[in-house]
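Step one of this worksheet: look at the structure below.
The values are calculated or read from the model by the stated rules, or taken from the named source; none is laboratory data. All figures in this text were calculated on a predicted structure; none of them were measured in a lab. Positions of Cβ are backbone-derived with ideal geometry, glycine not excepted, and every protein chain shown enters the neighbour counts.
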Amino acid sequence: MTPLPPRDRPEADDARGHFAHLFSGHAATYAAFRPTYPTALYDWLAGVVRGHRQAWDVGTGNGQVAMALAARFERVMATDPSAAQLAAAPPHERVSYRETTYDSALPDGSVDLVTVGQALHWFALSPFFTEVRRVLAPGGVFAAFAYVHSRVTPEVDAVTMYYHDVTCAAHWAPEHHLIREGYRSMPLPIDEVQVPPFEIRSAMAVEQYLGFHRSWSATQRLLQAGGEADVLRFEAAVRDAWGAVGARDVVWPMFVRAGTLR
């Protein structure tokens with residue numbers, strides 16, 4: 001890993017502070033329980049780009065996407081506004097981490113692929129795409145992807161949806177609805193390519209499943225507001241719906257918006 005300094009100039013919006021604080025306070029929980037994107041996604045991304053010299057993963061969090069890209073690109077710049085999240089990211093000789101929102105510090109036209117995993121809804125699109133346009137090589141690809149509600153069993157899903165839609169309703173950031181709609185209302189300046197379907201699959205014990213929901217930003221806000229009892233009730237209801245099964249298959253459908261800049 002090549003460490004780089006934090007940003008050295010002001011950025012055009014306050015997004016850094018906005019989405020950095022949502023995850024900085026529970027970076028270890030986030031790193032421990034977030035699901036892993038499928039290998040097929042990374043193979044597909046590597047197959048749609050012309051070159052494999054440089055990738056830039058924006059909003060890298062704990063470096064999950066950056067590490068996968070490092071197996072497919074010569075160099076990876078991984079940026080995130082949260083120092084706590086970056087501290088949880090593993091080192092890799094091909095990955096350089098930088099604490100910033102959009103300032104990649106990369107040369108003009110040097111990037112073959114820009115990725116944003118589960119984070120584009122936090123971004124101010126105008127300053128972000130100004131930087132993307134500067135660094136992306138001719139024919140380079142931009143790809144934003146995210147996962148939506150998990151599926152386990154009808155009983156577990158009903159408990160989880162009530163928790164998401166009712167218990168946590170007042171604690172979701174306004175941008176959260178963009179994930180639920182698949183980023184379709186976001187005006188991305190790209191000519192989109194056809195994307196195959198992807199999903200995340202994981203065999204999880206009930207405590208792992210509950211740990212994932214503890215990592216939600218809305219759960220953390222609920223806890224900060226004194227809602228520990230609400231979280232415990234949700235967890236008890238999930239355990240009851242889960243039953244005596246040791247592990248269950250959990251599926252997260254995904255969506256991807258990808259293409260070349262107009």
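Can you spot a residue in region 142-165 that is surrounded by 12 or more Cβ atoms within 10 Å (Cβ to Cβ), of a type in the set (Gly, Ala, Ser) and modelled with pLDDT under 95? No, because not a single residue in region 142-165 is surrounded by 12 or more Cβ atoms within 10 Å (Cβ to Cβ), of a type in the set (Gly, Ala, Ser) and modelled with pLDDT under 95. The condition (being assigned to a loop (DSSP other than H, G, I, E, B), at pLDDT 95 or above and under 14 Å from Val111 (Cα atoms)) is satisfied by just one residue among His52, His92: His52. Selection of region 189-198 for residues being surrounded by 15 or more Cβ atoms within 10 Å (Cβ to Cβ) and either charged (D, E, K, R) or closer than 10 Å to Pro253 by Cβ (or both) yields only Phe198. For region 203-219, check the following and say yes or no: at least one residue is under 19 Å from Ala119 (Cβ atoms), touching a residue at least 60 places away in the same chain (Cβ under 8 Å) and surrounded by fewer than 18 Cβ atoms within 10 Å (Cβ to Cβ). Looking through region 203-219, none of the residues is under 19 Å from Ala119 (Cβ atoms), touching a residue at least 60 places away in the same chain (Cβ under 8 Å) and surrounded by fewer than 18 Cβ atoms within 10 Å (Cβ to Cβ). Return the residues of region 82-95 that are more than 18 Å from the chain's Cα centre (by Cα) and in contact (Cβ under 8 Å) with a residue 60 or more places away in the chain; say none if nothing qualifies. The answer is Pro91, His92, Glu93.
Scan Pro91, Pro127 and give me the residue that is surrounded by fewer than 22 Cβ atoms within 10 Å (Cβ to Cβ) and touching an Asp or Glu at 6+ places or on another chain (Cβ under 9 Å).
After applying the criteria, what remains is Pro127.
For Thr115, state whether it is in contact (Cβ under 8 Å) with a residue 40 or more places away in the chain and buried (at least 24 other Cβ atoms within 10 Å of the Cβ). So Thr115 passes the test.
Please verify whether region 75-89 includes one or more residues that are part of a loop (DSSP other than H, G, I, E, B), of a type in the set (D, E, K, R) and out of contact with any Gly (no Cβ under 9 Å at 6 or more places or on another chain). Looking through region 75-89, none of the residues is part of a loop (DSSP other than H, G, I, E, B), of a type in the set (D, E, K, R) and out of contact with any Gly (no Cβ under 9 Å at 6 or more places or on another chain).
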